[in-house]
Amino acid sequence: MRLFIGIPLNPALSTHLQQVWSGIDSLPTNLRQIPPANWHVTLAFLDEIDEDKVETLAELLAQATDKTPRGAFLVDRLEAFPRKKPVKITAHASLVDPESWRSFVQRIRDFASIVAPHLDRKPWTPHISIAKAQKGMHLKPFSREFTEFAWIPEEFVLYRSIQSAAGTKYETLYTFPLGL
């Protein structure tokens, strides 16, 4: 099973981002929007995990939540990401208490790595993917600021990513409250 850990958006933030997105009249070419139902902040991409290890993974993630992060995400602009050879448009999220969040993400990754040895260990950059370039294409620099939206996540989710010809679907396997 292809799994990742993410934070789902609350409806108010999702609506706000949809309004911002639809108000942009000069988007880069060769883009396809990601369905708003799939918008989230990724904490860790776990890659392929055997189905018989998923319950153990959920138990480990539940243990990792004894120290939850503090502070809001501040979402204030859309931008091409990553900066070198960008392949998507993201909503940038800065953190009110970055050390608390980075420590939490590291803890989640450490616990998950026990059953997910191929976990992606790239440095965590909080963002919400809104659109992707067509396969094999790169985007030109792009940035649009908008009124800052403060958001305090209430939960994180262990998702299964299911690929198909119709697109990617995310299935919620387990939900963990953040207790913020």
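Figure legend. Inter-residue proximity from region 110-134: first residues touching a residue at least 12 places away in the same chain (Cβ under 8 Å) and farther than 14 Å from I34 by Cα, second residues surrounded by fewer than 20 Cβ atoms within 10 Å (Cβ to Cβ) and of a type in the set (S, T, N, Q), beta-carbon distance below 6 Å, spacing 6+ or different chains. Indicated pairs: V115/T56; L119/S113. Against the test of being out of contact with any Gly (no Cβ under 7 Å at 6 or more places or on another chain), within 23 Å of D47 (Cβ to Cβ), among the charged types (D, E, K, R) and exposed (fewer than 13 other Cβ atoms within 10 Å of the Cβ), the options K132, K88, K122 yield a single qualifying residue, K122. What about T90, is it closer than 30 Å to G23 by Cβ, polar (S, T, N, Q), touching a strand residue (DSSP E or B) at 6+ places or on another chain (Cβ under 9 Å) and in contact (Cβ under 8 Å) with a residue 12 or more places away in the chain? It is true that T90 is closer than 30 Å to G23 by Cβ, polar (S, T, N, Q), touching a strand residue (DSSP E or B) at 6+ places or on another chain (Cβ under 9 Å) and in contact (Cβ under 8 Å) with a residue 12 or more places away in the chain. Return yes or no: is I7 under 15 Å from the mean Cα position of the chain (by Cα), surrounded by 14 or more Cβ atoms within 10 Å (Cβ to Cβ), modelled with pLDDT under 95 and of a type outside the set (S, T, N, Q)? Judged against the criteria, I7 is not a match.
For region 48-82, which positions are polar (S, T, N, Q) and modelled with pLDDT under 95? Hits for region 48-82 are Q63, T65, T68.
In region 38-66, which residue that is in contact with a Phe, Trp or Tyr (Cβ under 7 Å, 6 or more places away or on another chain) and over 29 Å from K88 (Cα atoms) is surrounded by the fewest Cβ atoms within 10 Å (Cβ to Cβ)? Filtering first and then ranking leaves Q63. The residues listed here are L27, L13; of these, the one that is modelled with pLDDT under 90, closer than 16 Å to I130 by Cα, aliphatic (A, V, I, L, M) and not in a strand (DSSP E or B) is L27.
The values are calculated or read from the model by the stated rules, or taken from the named source; none is laboratory data. Nothing here was measured: the structure is a model prediction, and the numbers come from that model. For neighbour counting, all protein chains shown are included, and Cβ atoms are generated from backbone atoms with ideal geometry for every residue, glycine included.
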